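The values are calculated or read from the model by the stated rules, or taken from the named source; none is laboratory data. Please read all numbers here as calculations on a predicted model, not as lab measurements. So basically every Cβ, Gly included, is an ideal-geometry build from the backbone, and we count neighbours across all protein chains shown. Quick note on the areas: whole protein, heavy atoms, side chains included, nothing else; ligands and nucleic acids left out. Shrake-Rupley method; radii C 1.70, N 1.55, O 1.52, S 1.80 Å.
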Amino acid sequence: MKQILVTGGAGFLGSHLCERLIARGDDVVCLDNFFTGNRKNIAHMIDHPYFECIRHDVTFPLYVEVERIFNLACPASPIHYQRDPVQTTKTSVHGAINMLGLAKRVKARILQASTSEVYGDPEVHPQVESYWGRVNPIGIRSCYDEGKRCAETLFFDYWRQHKLDIKVVRIFNTYGPRMHPNDGRVVSNFIVQALQGKDITIYGDGSQTRSFCYVDDLVEAMLRMMETAAGFTGPLNIGNPDEFSMLELAEKILSLTNSRSKLKFEPLPSDDPRQRQPDISLAKEKLDWSPKVRLEDGLKETISYFRGVIR
Ligand code: NAD
Ligand code: UDP
């Protein structure tokens, strides 16, 4: 049994991660300020003897005795991270400084949930870890993109300067049960719209692409990365390389929900990446991992979750 801190543990990915950790017998401290997280996501774990939740903001220091830290605290959907962009940057940067400081003090191994957004609107396709990215430093997505890039810098400087045991994963678009119904992300938006018979909002002409990973596959990769040999730091791409246009995604969701919603074309938000697909060769090699859940199957699970939470 290990003592494990999960920051952002009441969020979408964090709650699934906490669940897997307690199921395998670890002792989990979930830290969250509930900015986008929800008590309902962790309600089923709250009485578990190996689960504890602390309401805390990662931009303030924290002291807990743990052996592993998964640092996930940060709003992840564009609507949420653009709501208070200054706080988003603080969460990434001050949050990383505080969690790295904690890891140094208690000699914990620490994993950063970074993002494919560090590649910005990429000229290299699919994206490999050695690509440095093309990020606008002053746009509306910058608070998130540059915050996450700076967090990566801090992780690697703590590794070089203080010999900290770090792991960095770059997560590509992930979906599944417990996504926030109003977070504005494409999978949740389309499913909610289809179930409610509302128009499906396609931004731009819908030809932009994303590659969607089901949450269970993603969490498995994070767990494996955390237990790789010391010295393997990443960054490591994790995600599902199957690439779809937003039009293809809309059609799949309409068919799986038997919805008669119509497509409605809206302006493309600025700095919206044209295409995104992870090269996961390194993850295959280092983690002996590749995603198992096909988009249709993952969407069915997610649709059934949303049927239960929306009217
Ligand atoms: P989420 O918004 O559901 O979860 C983030 C959690 O962090 C929430 O519970 C929120 O309340 C908490 N949080 C935010 N600011 C905080 C603060 N200052 N102090 C403490 N807690 C705070 O998002 P998610 O999709 O679960 O994403 C989790 C992590 O994974 C994020 O770091 C995100 O950047 C990264 N990520 C997610 C995706 C994805 O597709 N879901 C893709 C790339 C990266
Ligand atoms: N998108 C869309 N309709 C929506 C929500 C999003 O067409 O209702 C598009 C968005 O412009 C982007 C893609 O879907 O091109 C993925 O958006 P999301 O916010 O899920 O993730 P990110 O852009 O951060 O990858």
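Please indicate, with yes or no, whether at least one residue in segment 31-50 is in contact with a His (Cβ under 8 Å, 6 or more places away or on another chain), closer than 19 Å to Thr153 by Cα and either open to solvent by 10 Å² or more (accessible area, probe 1.4 Å) or within 16 Å of ligand 2 (Cβ to nearest atom) (or both).
Our first condition is that a residue be in contact with a His (Cβ under 8 Å, 6 or more places away or on another chain); within segment 31-50, this holds for 31-33, 35-36, 38.
Applying the additional criterion that residues be closer than 19 Å to Thr153 by Cα yields none.
No, segment 31-50 contains no residue that is in contact with a His (Cβ under 8 Å, 6 or more places away or on another chain), closer than 19 Å to Thr153 by Cα and either open to solvent by 10 Å² or more (accessible area, probe 1.4 Å) or within 16 Å of ligand 2 (Cβ to nearest atom) (or both).
Read through the list (1) touching a strand residue (DSSP E or B) at 6+ places or on another chain (Cβ under 8 Å); (2) surrounded by fewer than 21 Cβ atoms within 10 Å (Cβ to Cβ); (3) not in a helix (DSSP H, G or I), then give the number of the only condition that Gly139 fails.
Gly139 satisfies every listed condition except (1).
Scan segment 183-203 for residues that are under 24 Å from the mean Cα position of the chain (by Cα) and in a loop (DSSP other than H, G, I, E, B) and jot them down.
Across segment 183-203, the qualifying residues are Asp183, Gly184, Arg185.
Tell me, yes or no, whether segment 283-297 has at least one residue that is under 17 Å from Leu17 (Cβ atoms), assigned to a helix (DSSP H, G or I), in contact (Cβ under 8 Å) with a residue 60 or more places away in the chain and more than 15 Å from ligand 1 (Cβ to nearest atom).
Within segment 283-297, one or more residues are under 17 Å from Leu17 (Cβ atoms), assigned to a helix (DSSP H, G or I), in contact (Cβ under 8 Å) with a residue 60 or more places away in the chain and more than 15 Å from ligand 1 (Cβ to nearest atom).
If a residue has to be within 9 Å of ligand 2 (Cβ to nearest atom) and within 13 Å of Leu249 (Cα to Cα) to count, how many in segment 194-211 make the cut?
Adding up the residues that qualify gives 8.
Please state which of the following conditions Ile200 fails to meet, knowing it meets all the rest: (1) open to solvent by less than 20 Å² (accessible area, probe 1.4 Å); (2) within 16 Å of ligand 1 (Cβ to nearest atom); (3) among the β-branched types (Val, Ile, Thr).
Failing condition for Ile200: (2).
So, restricting to strands (runs of 3 or more DSSP E) that lie completely within segment 209-281, which ones have at least 2 residues that are open to solvent by 30 Å² or more (accessible area, probe 1.4 Å)?
Values: elements: 209-211, 236-238, 243-245, 263-266.
In segment 209-281, 243-245, 263-266 are the strands (runs of 3 or more DSSP E) which contain 2 or more residues that are open to solvent by 30 Å² or more (accessible area, probe 1.4 Å).
Residues being of a type in the set (A, V, I, L, M), more than 16 Å from ligand 2 (Cβ to nearest atom) and open to solvent by 40 Å² or more (accessible area, probe 1.4 Å): count how many of those fall in segment 56-99.
The qualifying residues number 2.
For segment 142-172, name all the residues that are surrounded by fewer than 22 Cβ atoms within 10 Å (Cβ to Cβ) and assigned to a loop (DSSP other than H, G, I, E, B).
Once the filter is applied, which keeps residues that are surrounded by fewer than 22 Cβ atoms within 10 Å (Cβ to Cβ) and assigned to a loop (DSSP other than H, G, I, E, B), segment 142-172 yields Lys163, Leu164, Asp165.
Pairs needed: first member in segment 38-60, over 23 Å from Pro177 (Cβ atoms) and of a type in the set (A, V, I, L, M, F, W, C); second member anywhere, within 10 Å of ligand 1 (Cβ to nearest atom) and in a loop (DSSP other than H, G, I, E, B); C-beta distance under 6 Å; at least 6 residues apart or different chains.
Val58/Ala73
Please give the number of the condition Asn189 fails out of (1) within 9 Å of ligand 2 (Cβ to nearest atom); (2) surrounded by fewer than 20 Cβ atoms within 10 Å (Cβ to Cβ).
So Asn189 meets the others, but not (2).
Within segment 81-102, track down each residue that is farther than 18 Å from Asp157 by Cα and aliphatic (A, V, I, L, M).
Hit for segment 81-102 is Val86, nothing else.
Can you go through Asp145, Asp205 and tell me which one is in contact (Cβ under 8 Å) with a residue 24 or more places away in the chain, over 26 Å from Thr233 (Cβ atoms) and acidic (Asp, Glu)?
Values: Asp145 fails: over 26 Å from Thr233 (Cβ atoms).
Checking each option against the conditions leaves just Asp205.
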